[in-house]
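Visitor: Below is a structure I'd like to ask you about.
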Amino acid sequence: MSPEDYSRLVDESYDYLRAAQAACERDFELGSFERFDWNQETGEIVFSDQGVPKVVATIQFVGSISTRSGTWLWSWDNPTVLEGIKDQMHRVRDFGTEHGLPMLTTAKWEADEIDGWEMTAITAKILEARGAYRSPHEDGFTFMVFTDIRWASEDDQTKE
């Protein structure tokens, strides 16, 4: 893939992700909840208020940025990430192999938060994700995409 083609892929991926994020905000008011919790075992992130779940999204971990080492690590090569929340990431790596994109096929490389969002946007486009989230942690950020999203209960469907 030429640098121009890659630049176009990134632009199209960001456009896709921006539209998906806008739909999440419009339909589920994600920015309004006081808390979020993700769980590898259930493969979900739950947005809640006062301990009451409001919105639940099925997730795939994309990867993480370490601010300590200044690197990106794809979830498919991270042994601390359970298989169930990275089992679709082979599609992104396969896309990278098919199009000659080493940043999609190299497990770990020098990167910053902008690179994390770029990889997440590309992943969202490839997986046709419903949205994305960046979870902060002590040494950086974990990036994930939503493969599905829904209200936790019918009572919460204020917009529908």
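Visitor: Out of Ser69, Ser48, I need the residue that is among the hydroxyl-bearing types (Ser, Thr, Tyr) and farther than 26 Å from Ala107 by Cα. Which one? Spell out how you get there, then give the answer.
Guide: Working: Ser69 fails: farther than 26 Å from Ala107 by Cα.
The match here is Ser48.
Visitor: Tell me which residues, restricted to the range 1-57, are surrounded by 15 or more Cβ atoms within 10 Å (Cβ to Cβ), charged (D, E, K, R) and closer than 21 Å to His137 by Cα.
Guide: The one that is surrounded by 15 or more Cβ atoms within 10 Å (Cβ to Cβ), charged (D, E, K, R) and closer than 21 Å to His137 by Cα: Glu44.
Visitor: Quick check, is Thr120 assigned to a helix (DSSP H, G or I), in contact with a helix residue (DSSP H, G or I) (Cβ under 8 Å, 6 or more places away or on another chain) and touching a residue at least 60 places away in the same chain (Cβ under 8 Å)?
Guide: Numbers: assigned to a helix (DSSP H, G or I): yes; in contact with a helix residue (DSSP H, G or I) (Cβ under 8 Å, 6 or more places away or on another chain): yes; touching a residue at least 60 places away in the same chain (Cβ under 8 Å): yes.
In short, yes.
Visitor: Next up: Does the range 136-147 hold any residues that are over 17 Å from Asp15 (Cβ atoms) and buried (at least 16 other Cβ atoms within 10 Å of the Cβ), and which are they?
Guide: First, the residues of the range 136-147 that are over 17 Å from Asp15 (Cβ atoms): 136-144, 146-147.
Of everything in the range 136-147, those that are over 17 Å from Asp15 (Cβ atoms) and buried (at least 16 other Cβ atoms within 10 Å of the Cβ) turn out to be Gly140, Phe141, Thr142, Phe143, Met144, Phe146, Thr147.
Visitor: I want to confirm something. Restricting to the range 95-113 and keeping residues that are of a type in the set (Ser, Thr, Tyr) and touching a helix residue (DSSP H, G or I) at 6+ places or on another chain (Cβ under 6 Å), which single residue is most open to solvent (accessible area, probe 1.4 Å)?
Guide: Start the filter on the range 95-113 by keeping residues that are of a type in the set (Ser, Thr, Tyr), which leaves 97, 105-106.
Those left that are additionally touching a helix residue (DSSP H, G or I) at 6+ places or on another chain (Cβ under 6 Å): 97, 105.
Details: Thr97: 98, Thr105: 49 Å².
The extreme case among them is Thr97.
Visitor: Quick one: would you say Val55 is in a strand (DSSP E or B), more than 14 Å from the chain's Cα centre (by Cα) and touching a residue at least 24 places away in the same chain (Cβ under 8 Å)? Spell out the reasoning first.
Guide: Working: in a strand (DSSP E or B): yes; more than 14 Å from the chain's Cα centre (by Cα): yes; touching a residue at least 24 places away in the same chain (Cβ under 8 Å): yes.
Considered against the rule, which asks whether it is in a strand (DSSP E or B), more than 14 Å from the chain's Cα centre (by Cα) and touching a residue at least 24 places away in the same chain (Cβ under 8 Å), Val55 comes out as yes.
Visitor: Among the residues of the range 65-84, is any open to solvent by 10 Å² or more (accessible area, probe 1.4 Å), closer than 19 Å to Phe146 by Cα and among the basic types (Lys, Arg)?
Guide: No, that holds for no residue.
Visitor: Output the residue which, of all residues in the range 95-144 that are within 22 Å of Val56 (Cα to Cα) and of a type in the set (Gly, Ala, Ser), is nearest to the chain's Cα centre (by Cα).
Guide: Only one residue fits best here, namely Ala132.
Visitor: I'd like to verify a number: residues in the range 32-48 that are in a strand (DSSP E or B) and in contact with a strand residue (DSSP E or B) (Cβ under 7 Å, 6 or more places away or on another chain), how many? Don't jump to the end; show me each part of the working.
Guide: Going through the range 32-48, the residues in a strand (DSSP E or B) turn out to be 35-39, 44-48.
Filter once more, keeping what is in contact with a strand residue (DSSP E or B) (Cβ under 7 Å, 6 or more places away or on another chain): 35-38, 44-48.
Residues that pass the stated criteria total 9.
The values are calculated or read from the model by the stated rules, or taken from the named source; none is laboratory data. Just so it is clear, the model here is predicted, and its values are computed rather than measured. We place every Cβ from the backbone using ideal geometry, glycine too, and count neighbours over all the protein chains shown. All accessible areas refer to the heavy atoms of the entire protein, side chains included, with ligands and DNA or RNA removed. Shrake-Rupley method; radii C 1.70, N 1.55, O 1.52, S 1.80 Å.
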